[in-house]
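Every read-out reported here was derived from the displayed coordinates using simple, explicitly stated rules and does not represent laboratory data. Just so it is clear, the structure is predicted and the values come from calculations on it, not from any experiment. Neighbour counts are summed over all protein chains in view; Cβ atoms, including those assigned to glycine, are modelled from backbone coordinates with ideal geometry.
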Amino acid sequence: MTTSAQNARGYVERLGWSLVSIPAGSKAPTSFGWQQPEKAIRTGDDAERYWTINPTHNMGLLHAASGTVALDIDSVENTRIIFETLGVDYDAIMNSAPRIVGRPNRGKALFRAPSGMTLSTHKISWPTQADPRRTEVVFELRAGAVQDVLPPSIHPDTGNPYTWAGASVWDGLPELPASLLTIWTQWDRFRPQLMDACPWKPVREFQPPRKVRPQSEKGSVIEAFNAAHDMDELLQRFGYKPTARQRYLSPNSTSGIAGVVLFDDGKAYSHHASDPFDGAHTFDAFELWCQYEHMGDVAKAVKDAAQLLQIDNHPDHTYDADAIDHGAKVAALWRKPSASPQTEVPGVPDHLLSIPGILQDAVNFYTTTAPKPQPQFAVQAALPFGSVVLGRRWVTDQRNFSGLYFVNVGVSAAGKEHAKTVLEKLLEAAGLESLIGPSGYTSASGVFSALVQQPCHMTIIDELGRVLQTANASGNHHKVDAQTILMEVFGRQDSTLRPQGYSKMGMTKKQADEFDKVVRAPSLTLMSMTTPSTLYGQLSSAYVKDGFLGRFIIVESPIGRQEGRPIKVLPPSPRLVSWAQECATAVGDNGGLPGDGNHEFPPAPVVMPFAPECEPILRDFDREMLKAMDDVERFGMEAMFGRTKEIAQRLALIVAVSANERSVSAASLSWAIDYARHYAKATVAALRRSMADGPFEAACKQVLAEIQSGGLRGRTMAELSDLVATFRNLEPRKRGEVLDTLASDHGVMSRNMNEGQKGRPRIAWYLPPDD
């Protein structure tokens, strides 16, 4: 292809690229809104026609709309230095891809953008050797709403045409190498290392700040261990491969980048998010040994270290609290819940007490800082965090957005309130306070107004049971309307929420316009806490039949009241904060420029397709839920399973992004289905035990539950009155009717438990065992 028109047609038709026009003698487009994909030239006929009419105009490749990214080299020599430091083969990367060449010692290598991920542009600059006060660009990672000039455009500085080098562009672009993708997605972690690679940098190499460890008067086993061990030897023993300039390739790396740095003081720092070390600090020999030899068990590592050094009985080297606390704080940031009594919850599968991917850091943050451990609520804090930071900006190819409704149910003083603290601290640490909405809604117009102001936000309701109680109060139709619109918002995330109709007579135009506003792609994450008695005491079959409860993930903890423990003040992990910031600003490469985030112009979401192997899993789960609906229809609870598949798909989106997947994998979907299924079934079981349409039915169900818990010993009338408030509040005749009903419907019997003994008879009601 020789002419601009012929090349333009080939770029569009054969490669599927979107082109932008550039005036002759320039490298930058000048037309307004050129970054928008809909304004790009996207058909072969249009491309050939335009450059036939304007043969001297240059042309650019619009990356976001074309599914492409570029490695833009401004200094080959300095880029080689950086790549050598990282253990990356510069020549292999550049030779694997087509390159645009405009001037000597420069070039752009083109690659396919990774599917399902949104990358932004990053640039690394070094100080010049001649004048350290000045800087020059070394290389740039280009992606998103940016363009690069294509051959045969004329370079405005040299007057010569841009040319192709390397692999043939007409054979298609290669995938982005794993090493570049890692640098791209973890830019904030790797940028200090890229700067440190500059040979003439006047300051010493970057060393992240280290927490000050309290010094014990008796010394420390950890300090003795560090003094006795060589960090280089330990790193290599545990699989870290040395490369150049005190750099090591992590055994956890999938990119081939040597991202671990050993400093002169014997401490190391890992730029890899996949390594189990705090990204804000260096780590020492003991922390390395604790991780790889003891799976993070600090107490055991301290004991073994003392025995190894033969100081276990030395009075100056007791198992001091300072040493153990030092290691525990480091380990707490990366350790997943282990199979211990503190993290096991009866009846809950172990894998549902942790989350795949980066959101496990949120679970760990909850667990580490909680005054009262609640493993289920730790997960129930991490998932809403993922829900709100992904809101409006991420969607599956089945049009599942991330907005979900959560309820934590626990007795008073069990520690359920910590979820609110964690969510607020995580959002504040990420600079995303704008996603924190009101603490509740008093009417339908209140919900709508909040979404107009914050089309993506989270509301945290302290006591859902009391909200339902006020809604049940006679004449409080505003609260009922608020619940109705909450149901509507749940299903409107891929469409438009419109206000109710009101009379506009007597209004000014400005006032009337307020009633005509709409919210496109509304995203609401709802988090609430409540006690079992308050929640179930307000529920009737109406909340089940209309689908209100079926939209919630309700988690009831069996862990009762607990004594508080000292609070640990720790920051969220830097990689979690960075992940949240990237998720909350991500923009898909299809559908135009990002919206401004207001209620009428949502951003173009990143599309996460379900992997092909997910199709049969979803189909089977759909059938399972339909059968579950049939099974509970006789109890009037079929609506509780009507939204479970949709909830699972939304959870799968959150988990897939947490796991840094390019598409929703079968593993992420399976975890989401397990979570949605488990708590949907648990909620139905709880409702069958507790839900009632009146005080008499409520008393019957609650009294039966207490009689069953009493076993063969049974419950006396006095005990039942003490234990069941609804029973206690009935008049004596109604109490007798409750027991008669239980006798006829459930086989409850009474007898004198003191028969044959002296003293007053003890009449108790019990449920005979099945034959």
Give the calculated FRET efficiency between GLN236 and GLU424 to the nearest 0.05, with a Förster radius of 56 Å applied to their Cβ-Cβ distance.
0.80
Would you mind calculating the gained length between ASP631 and ASP89 on full extension (0.36 nm times residue separation, minus the Cα-Cα distance), in nm to one decimal?
189.1 nm
Going residue by residue through region 13-29, the Karplus relation 6.51 cos²θ - 1.76 cosθ + 1.60 with θ = phi - 60° gives ³J(HN,Hα) values, rounded to whole Hz and with x marking Gly or Pro, of 6, 8, 10, x, 7, 10, 10, 10, 8, 10, x, 4, x, 9, 10, 10, x
Any idea how far apart ARG14 and ASN729 come out in nm if each label point goes 7 Å out from Cα toward Cβ?
7.9 nm
Long-range amide H partners of ASN660, meaning residues 5 or more apart or on another chain whose placed amide H is closer than 5 Å, are ILE358
Quick calc, ASP516 & THR442: beta-carbon distance into FRET formula, R0 25 Å, rounding 0.05, result 0.65
Does region 4-184 come out rounded, prolate or oblate by the C-alpha gyration tensor, with a ≥ b ≥ c the root eigenvalues, rounded set by a/c under 1.5 and, if not, prolate when a/b is larger than b/c and oblate if not?
prolate
From the phi of every residue in region 388-395, what ³J(HN,Hα) in whole Hz does the Karplus formula 6.51 cos²θ - 1.76 cosθ + 1.60 yield, where θ is phi - 60° and glycine or proline is x?
7, 6, 8, x, 6, 10, 9, 7
Which far-off residues, 5 or more places away or on another chain, put their amide H under 5 Å from the one on GLY144, with H placed in the peptide plane?
ALA64
Under the rule of at least 5 residues apart or a separate chain, name every residue whose amide H is placed under 5 Å from the amide H of ALA430.
none
Once you compute Rg and the Kirkwood Rh from C-alpha atoms, what is the Rg to Rh ratio for region 695-766?
0.97
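Cross-link list LYS416/LYS645; LYS241/LYS425; LYS420/LYS545; LYS267/LYS300: which exceed 32 angstrom alpha carbon to alpha carbon?
Correct reply: LYS241/LYS425.
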What are the ³J(HN,Hα) values, in whole Hz, obtained from phi via the Karplus relation 6.51 cos²θ - 1.76 cosθ + 1.60 with θ = phi - 60°, for each residue of region 552-569 in sequence order, with x given for Gly and Pro?
9, 9, 9, 10, 9, 8, x, 7, x, 5, 9, 6, x, 10, x, 7, 9, 9
Rg to Rh for region 350-681: what is it, with Cα atoms only and Rh by Kirkwood?
0.96
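What is the calculated FRET efficiency for VAL345 to ILE567, with r their C-beta to C-beta distance and R₀ = 30 Å, to the nearest 0.05?
Details: r = 22 Å, r/R0 = 0.74.
The calculated FRET efficiency here is 0.85.
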Separation between the ARG112 and THR716 pseudo-spin-labels, each 7 Å from Cα along Cα→Cβ, expressed in nm?
7.8 nm
Order these by the 10 Å Cβ neighbour count, fewest first: HIS122, HIS63.
HIS122, HIS63
Cβ-defined net charge surrounding VAL577, 11 Å radius [Lys, Arg +1; Asp, Glu -1]
-2
Which of the trypsin sites (Lys or Arg not before Pro) found in region 678-741 are loop residues per DSSP with 11 or fewer other Cβ atoms within 10 Å of their Cβ?
none
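Between THR3 and ARG751, what length in nm is gained on full extension when 0.36 nm per residue of separation is reduced by their alpha carbon distance?
My answer for the length gained is 259.1 nm.
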Run the numbers for TRP170 and TRP200: contour at 0.36 nm per residue of separation, minus the present Cα-Cα distance, in nm.
6.7 nm
7 Å from Cα along Cα→Cβ at both HIS678 and MET487: what's the point-to-point distance in nm?
2.9 nm
